[in-house]
Structure formats: structure tokens, C-alpha cells
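First up is the structure itself, then whatever we jot down about it.
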Amino acid sequence: MYKFTANLVKLILKLSGSKARVYEEQNLPTDGGFIIACTHTGYVDILNLGVSVLPREIHFMAKKQLFDIKGLGWLIDHLNAFPVDRDNPGPSVIKVPSQLLKEGKIVGIFPSGTRNSEGSDLKQGAITIAQLSKTQIVPAAYVGARNAGDVFKRGKGYLIYGEPFYVTGKGKEGREEFTHHLEHELIALTEELNKRIAADKK
């Protein structure tokens, strides 16, 4: 069902002109499990992220409230999302993605935890999971169409992948160090992506 839904979304985005132009795809590992940690400003970035790695599938970590939204809940469920209670996080926050990574699957995480383009403090979820599972993280940044209104207006999307890295630091200090590293990577990728968008428009 995932591939059918993802290919349908891909077609809709393509026809609307909102399918993201992707840069630095070579930074994506070709096999094995890994984490994609991407900036998040709306739900269209989720869709573009998902279709960008086809035929591979992404298992998205998403706050449980999204599954209660009619239409969107159905869609993210069919895009392999799994719910997380951010207010009362339990063992599943680590257990579920760690098991998926062990099985060689891709886990998608939006580490800001909110659709905020202002740049909130990153949470340590992605780093903690990567540290415990000894899995590499691929940072990514998205700029462009955010919602259905943008898509209907044929708003374009752009996505860039950074170089993957492992969390080599130990314990709490290691998590803090690499949380800052990831934050800097996402800021740098967003800046680079905006430069490329500007250059493409010339």
C-alpha cells in the first residue's frame, strides 16, 4: 500500500509542479538502515521526503495527534508513520525506530519537533536513537511548498541531503555535542539550499 500511495502522491506533486528538486542524492546510503533528520515547516516536506527515496520506504516518527486528523491521519498511516506521544514519551520512542533500523529500514525524524521555520531548539530524539542503535544520520533540509494551498498555487519544493555521520560521542555529553552538530548541519544545509534556489532562478 505504501508504494501505491507514495507513487500517487508523487504524481500529484509532479502534476502540480510541487515535486521537490533534489540535490546531493549521492549522500543517501544505498542500503541498510539509517535515519533522515529533516527540517520541518509543513506537511508537504513529509510528502516530498517520502517520494524522494523511492523505491525505498521511510518510516516516519510523528506525534500521535496527527493520526486523529481526518485525511492526514490516513495518509501518514499509509506512508509508514508510527505514533509518538511527545508529552508522555515511553520506551516505544526508542524501541520502535531502533527495531526498524535493525531491520535495515529508513527512519524519518523531524528533530525540531514542530513545524517552525524560526529554528527551535532541536530535541535529542534523533541523536539518542542514532547513538543507541549505532546508525548513521543523514541531515536534510527542505524549502518550498508547505501545504495544500501552496500545492494548488503550484508552489515549488527543494530538498537537499547532507553527508551522513555517526554519533561517536558517549553518554549525555555525546548526545549534547551531536545535537548541536546536527543543528548546525541543518542550518548550513538550509543556507546552501537557498543559495542554489536563488542561482537556479537567475
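The values are calculated or read from the model by the stated rules, or taken from the named source; none is laboratory data. Since the structure is predicted, the reported quantities are computational estimates derived from the model, not experimental observations. Counting neighbours? That spans all protein chains shown, and the Cβs are built from the backbone with ideal geometry, glycine included. These accessible areas exclude ligands, DNA and RNA; they are computed on the full protein's heavy atoms, side chains included. Shrake-Rupley method; radii C 1.70, N 1.55, O 1.52, S 1.80 Å.
See the values below:
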{"quantity": "Any hit, region 182-200, residues being without any contact (Cβ under 8 Å) to a residue 60 or more places away in the chain and in contact with a helix residue (DSSP H, G or I) (Cβ under 6 Å, 6 or more places away or on another chain)", "calculated": "no"}
{"quantity": "GLY113 being part of a loop (DSSP other than H, G, I, E, B), at pLDDT below 65 and open to solvent by less than 30 Å² (accessible area, probe 1.4 Å)", "calculated": "yes"}
{"quantity": "Close pairs from region 119-136: first open to solvent by 40 Å² or more (accessible area, probe 1.4 Å), partner modelled with pLDDT under 90, Cβ under 6 Å, at least 6 apart", "calculated": "LYS123/PRO111; LYS123/GLY113"}
{"quantity": "Meets criteria (at pLDDT 70 or above, outside any helix (DSSP H, G or I) and in contact with a strand residue (DSSP E or B) (Cβ under 7 Å, 6 or more places away or on another chain)) for PRO97", "calculated": "no"}
{"quantity": "Residues satisfying the stated conditions in region 135-168, i.e. farther than 11 Å from VAL44 by Cα, small (Gly, Ala, Ser) and part of a loop (DSSP other than H, G, I, E, B)", "calculated": "GLY162"}
{"quantity": "Residues within region 2-29 that are modelled with pLDDT under 95 and on the phi > 0 side of the Ramachandran plot, tallied", "calculated": "1"}
{"quantity": "Counted residues, region 26-51 - those being touching a residue at least 60 places away in the same chain (Cβ under 8 Å), under 23 Å from ILE129 (Cα atoms) and in a helix (DSSP H, G or I)", "calculated": "4"}
{"quantity": "Hits in region 143-179 (condition: closer than 21 Å to GLU24 by Cα, open to solvent by 10 Å² or more (accessible area, probe 1.4 Å) and either in contact with a strand residue (DSSP E or B) (Cβ under 7 Å, 6 or more places away or on another chain) or charged (D, E, K, R) (or both))", "calculated": "VAL143, GLY144, LYS156, TYR158, GLU163, PRO164, PHE165"}
{"quantity": "Residue identified as farther than 26 Å from LEU132 by Cβ, touching a residue at least 12 places away in the same chain (Cβ under 8 Å) and assigned to a helix (DSSP H, G or I) among LEU15, LEU8, LEU75, LEU66", "calculated": "LEU75"}
{"quantity": "Residue match in region 183-192 (condition: of a type in the set (Ser, Thr, Tyr), outside any loop (DSSP other than H, G, I, E, B) and more than 26 Å from ASP31 (Cβ to Cβ))", "calculated": "yes"}
{"quantity": "Options LEU132, LEU122; residue that is closer than 22 Å to PRO83 by Cα, at pLDDT below 90 and not acidic (Asp, Glu)", "calculated": "LEU122"}
